[in-house]
1. Is there any pair with a first residue in region 71-82 that is closer than 26 Å to S48 by Cα and without any contact (Cβ under 8 Å) to a residue 12 or more places away in the chain and a second that is assigned to a strand (DSSP E or B) and among the hydroxyl-bearing types (S, T, Y) whose Cβ atoms are under 7 Å apart and which are 6 or more apart or on different chains, and what are they?
2. Select from region 87-115 the residues that are touching a residue at least 24 places away in the same chain (Cβ under 8 Å) and basic (K, R) and write down the one among them that is surrounded by the fewest Cβ atoms within 10 Å (Cβ to Cβ).
3. For the structure I just gave you, tell me whether F84 is in contact with a Lys or Arg (Cβ under 6 Å, 6 or more places away or on another chain), of a type in the set (F, W, Y) and either surrounded by 13 or more Cβ atoms within 10 Å (Cβ to Cβ) or at pLDDT below 95 (or both).
4. Can you name every residue in region 49-71 that is among the hydrophobic types (A, V, I, L, M, F, W, C) and either over 27 Å from R85 (Cβ atoms) or surrounded by fewer than 17 Cβ atoms within 10 Å (Cβ to Cβ) (or both)?
5. Take the residues in region 14-48 that are over 23 Å from K90 (Cβ atoms) and under 13 Å from the mean Cα position of the chain (by Cα); name whichever of them is surrounded by the most Cβ atoms within 10 Å (Cβ to Cβ).
Amino acid sequence: MLRLPSLGEMDRTLGMRVYLCTSPTDMRKGFDTLAALVRDALGYDPLSGQLFLFVGRRRDRIKMLYWDSDGFALWYKRLEKGTFRMPIAKADEASIELKASELAMLLDGIDLRSIKRRQRFRRPAKTSKKQADSKETLNPDRVSCV
C-alpha cells in the first residue's frame, strides 16, 4: 500500500515554529536589528531556535532569521518577478504563526489568502496511564476539528 505524507505530518516534522512579522520590514536590517525586532516588537526570544520571517514593503523580498546553536543565521530571497502574498492578519497582531506547509506554499508563490482549510475529524490525543488511572473519560464535545 502506498502511503503519502500528509500536510500535518510535514508540519510536525519541521521541529520549530515559524513566525511571520505582519508589518513591512526594512530589508537593509541585519542580524542584530532583526533580533531586536523579534524581541521588542514581536515579543519572542530570538535565541529560541524558532524561525522568524520578515517581508519588505514591496513584498518582493523576504528574510528569515533563526538561532543556529552557536550564532544567528539569515536567509534572504528576492523575487525577480511577482510578490509574496501574505496571509491576512488582524489589526492588533504583530506576528502570525505559520505551519511548515504554509511556509512552503508562501515561498512557492501560492496566495495564502485564497487557501481554505476544511474541517476534518481528528482523534483526541491518547491519554497517559496516569490520566487513565484517574478514570477520566473522553468528552465527545471536546473532539477537535482542524
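The values are calculated or read from the model by the stated rules, or taken from the named source; none is laboratory data. For clarity, every value in this text was computed on a predicted model and none was experimentally measured. Every residue, glycine as well, gets a Cβ built from its backbone with ideal geometry; the counts of neighbours run over all protein chains shown.
1. Short answer, once both residue conditions are applied: A73/Y66.
2. R113
3. Details: in contact with a Lys or Arg (Cβ under 6 Å, 6 or more places away or on another chain): yes; of a type in the set (F, W, Y): yes; either surrounded by 13 or more Cβ atoms within 10 Å (Cβ to Cβ) or at pLDDT below 95 (or both): yes.
In short, yes.
4. Taking region 49-71 as the starting set, the residues that turn out to be among the hydrophobic types (A, V, I, L, M, F, W, C) are 51-55, 62, 64-65, 67.
Passing the criteria: only W67.
5. The qualifying residue surrounded by the most Cβ atoms within 10 Å (Cβ to Cβ) is L14.
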